[in-house]
Structures are given as C-alpha cells and as structure tokens.
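The values are calculated or read from the model by the stated rules, or taken from the named source; none is laboratory data. Model, not experiment: these values are computed from the prediction. FYI the Cβ positions are ideal-geometry reconstructions off the backbone, even for glycines, and counts take in every protein chain you see. The accessibility values were calculated without ligands, DNA or RNA, using every heavy atom of the protein model including side chains. Shrake-Rupley method; radii C 1.70, N 1.55, O 1.52, S 1.80 Å.
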Amino acid sequence: MDRSLTPAQLELFEKEFASRAANRLMQNAVTRTPVDEIALDRRIVTAADHSVSHHLDDWKVTNQKKSGRCWMFAGLNLLRVGAARKLGVKDFEFSQNYVLWWDKFERANHFLESIVETSGRDADDRTVAHLLGDPISDGGQWNMFVALVAKHGLVPKSAMPETDSSSATGPMNRALMSLLRRGARDLRRMASEGVEAQRVHKGEVLAAVHRVLSIHLGTPPQRFLWQWRDEKQEFHREGWMTPAEFAAAYVQIPLDEYVCLVHDPRESSPAGRTFTVEYLGNVIEAPPVVYLNVEMDLLKRLSMDSVVGGEAVWFGCDVGRMMSGDVGLWDAALYDYEAVYDASFEMDKAARLVHRETQMTHAMLFTGVDVVDGAPRRWRVENSWGDEKADKGFWTMNDSWFGEHVFEVAVRRSALPPELAAALGEPPIVLPAWDPMGALAR
C-alpha cells in the first residue's frame, strides 16, 4: 500500500463495501438507529438473571448527578450502612458536599506543591504537561477518600447539603482550573526566588480557591448540632459535634485497615508487588496512594468473601464498556460490534492498558454476589447514578465483565494471604504520573 491515500485505493474500498449485502444492510440500519441498539446481543439480554444468592442492600441509592464524585459517593455509601444501623434509621447519607469541599481545597494545595517541586522543568516536560492538563478534576481513588476522612472527618448531609454546584461541578471547576493554571504560571516564574517565596504566593492562590469553593459549595461547618428521630419515632440529641467527633462516632469500619488491590496484567507490572503513581494524591501529609498488584482470581475471591461475610466492597472499573443502562447490565459480550462492522476489536486487558484503550473511570460498591459451587457467577452493584435505571439504581454485572473491566478493590488487610500481606511492607514501584493506573474514578 502506498504511503498516502490515492483515488484508486478509495475507489477499491468503496467497491468492496458496496459489493457486500451485509455492509449495505448495516449502513441502512445504523444511519437510522443507534448502533448499540443494533449490536445488543439479545441472547445475553434474555438470558440475564438479576437474582443473587447473597444480597446485602436494603437501602436507596444515591445520585452524584452532573459531577465526577463516584469515588467519594462509593466510599460514603460503604460507611453509611453502619451509621444507619447505629442511628436506628432506614436511610442515611453523609454529606458528599462536605467531602467535595475539602477534596478540592486539599487538591489545589497538592497541585500547587507539585508545581513548586517541578518549577525548574520546561512547561512541555511530560510530567509538568500532565499536571497542567488536569489540575483539579472531580475524580479520585480509595486512598484519597480515606485521607480526607482521616484529616477532616465527616458530617451528616443535613449539616452541609448539596448545592447547585456540588451537583453540577463544571462551572466551578472551570474557575478553579483557571486560577490554578495562573498560579502555576506565577510559581514557575518565581522558581529563581526560592521555595519560601513561592509558598507565600501559593497562599494567595489558595485564598482565592477558598473563596471560589465557599461561594459555590458553602462553608464547611466546624461544629454542628446533631439530633435525629429513629425508625421507631424516638427522638435523640447528641449535641454539638465536630466533624472529627462525628466520624469517630459513626464510621463503623476501620478505614486504616483497608488496602487497595489492583489487577494490572502488563508485563512491566509484576503480581505480588506494590505500586504508587508519581504526583497522585490530594492530602499532602497523607500516606501515598499505594496499590498491591494481584491475580484476577484473588481479586474476585476476596470481593466474594467480603460480600458473603456481610460487607460491601468498594471497587473501580472502566464503566462504559459493554454496558446497557436500559437493561441495567454489564457483560463482556453484551454488544456484538464485530458482527456490525465485520472487523475485529480483540485486545486483551494488558494490551488495552498499554495502548490507552482502557483505564479506571468509575467507582461503585458490590452489594451482592451469586455464588455457584464456591465461585462467583454474577454481582449486584450499587451505583451512584440515581434510581431511574436498572433495579432502582442497583445493577447486575456478569462475572465475565468483572475479569475484563474491573481494576481495583478495597479490602481488609487481614483477608490477604500472608505472602501478600508481607509485600505491603516493601517499597512500591513508582509509576510515572501519566500511567493509566493513575486514572481517577469519576
């Protein structure tokens, strides 16, 4: 084939396309109907069974709306179960807006410190360009959620309710990104003046960030009066509490005992080793984001054991793949695109990571699992997209999809085999800032 496209080649392609009845049929169909409607495999849809043998959830789903807060919604959804039981209520929500405020403020500081550290490099340095490309997105990771709770505590939703901007973060984020990129410009120009001078200016930038956040989200409470009525209509008054006191009283699981397991099958990522990603994080003084890379079978087994044992599991995945919102289903073969296009899309998970075809994009909770002969067959998932789709917001994931598109779970350290628990103490391999395993769930 020639280096450039030629009229003869284009004529050949057009003749080959027109000569096949299947191509003409698909053209007629797809030009009038969404391709996913045509590619949806009816055999998988009609065979789908949404029941599971182990089912934890008896609560309502939450809704992150037009924001990328899935990772903190999933974290708070995990914590609210125990809080609701202690409070004696059916449904309870921690304030997602409160966690969002502190994540944005901490993230701004983290970004500016990263700029100070890299201010001697060229702006087109790959790491600097990566930092400037996304200074303060909504997305995050499990370790980042834990860092926020540890430092800032939690409050009930009534103490800091949602605002228009917490539910639709785009305009606020645009203002924040402009402020931070302008701050990055100034800090880079000040590199010759030294770190202390840069940090004085950083304080001025953070003051502006604080104003923007407070205007859009409100002011996070330092103390609030906590009282409630339980399901039996009995009244309770706890009195004035700080966010740290509230978290200590109502977080019923030991967050510092949880570790992140990932499945990264690339040849460059050996199983049984810990990894971290350069410049990934939000709270400067918090422990770094660290993953332990394990085989997929172990990821599934530990997730299954947790659900069977009565505890939901926070997980991260590439959510948009082979997904039907109308059916409320994920299956690795849900859409037959190869039949539509007469083209192969085959790439294994490692190749998709290497070639930037996949990465973690969303976080949710496993709240159920269907176990057959000791192995999981399908999973029940609590999403944070409201209750209009699937089973009032609870989705079904066939196990085939788990293997292909789930990347990360948070489980208790005590659940690990001894050799993997020991591996957590080893210095992590440092991946570059742009590595796909540093993707943030939104």
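Tell me, how many Å apart are the Cα centres for region 45-60 and for region 363-390? Taking the Cα centre of region 363-390 as reference, the centre of region 45-60 is 7 Å away.
Overall shape: oblate for region 278-380, with the ratio a/c of the largest to smallest alpha carbon gyration tensor axis at 1.5 or above and b/c at least equal to a/b.
Exactly which GluC sites (Glu not before Pro) in region 213-254 are in a DSSP loop and have at most 14 other Cβ atoms within 10 Å? Could the numbers behind the result be given before it?
Working: sites: GLU231, GLU234, GLU238, GLU245; in loops: GLU231, GLU234.
Answer in residue order: GLU231, GLU234.
In terms of its C-alpha gyration tensor, the chain comes out oblate, because a/c is 1.5 or above while a/b does not outweigh b/c.
For region 176-326, the Cβ-based charge dipole about the Cα centre amounts to some 820 debye (Lys, Arg positive; Asp, Glu negative; other atoms uncharged). Taking trypsin sites (Lys or Arg not before Pro) across region 75-111, the ones in a DSSP loop with at most 12 further Cβ atoms lying within 10 angstrom of their Cβ are LYS90. Where in region 50-92 does the amide nitrogen come within less than 18 Å of the point 7 Å from the Cα of GLN233, taken along Cα to Cβ? Flagged as within label range: 88-91. Each peptide in 266-272, 114-120 gets a packing score, the mean of other Cβ atoms within 10 Å over its residues, and the list from highest to lowest is 114-120, 266-272.
Hey, what's the chain come to in accessible area per residue, 1.4 Å probe, Å²? Each step should come with its number before you reach the end.
Details: 21060 Å² over 442 residues.
Here the per-residue accessible area is 48 Å².
Could you pull out the trypsin sites (Lys or Arg not before Pro) across region 15-75 that fall in loop regions by DSSP (anything but H, G, I, E, B) with no more than 11 other Cβ atoms inside 10 Å? Sparse-neighbourhood loop trypsin sites (Lys or Arg not before Pro): ARG20, ARG32. For the cross-link pairs LYS104/LYS300; LYS349/LYS392; LYS104/LYS157, the ones whose C-alpha atoms lie over 26 Å apart are LYS104/LYS300; LYS349/LYS392.
With the full set of protein chains in place, find how many percent of the accessible area of the chain is carbon and sulfur; take the probe as 1.4 Å.
Carbon with sulfur: 51 percent of the solvent-accessible area.
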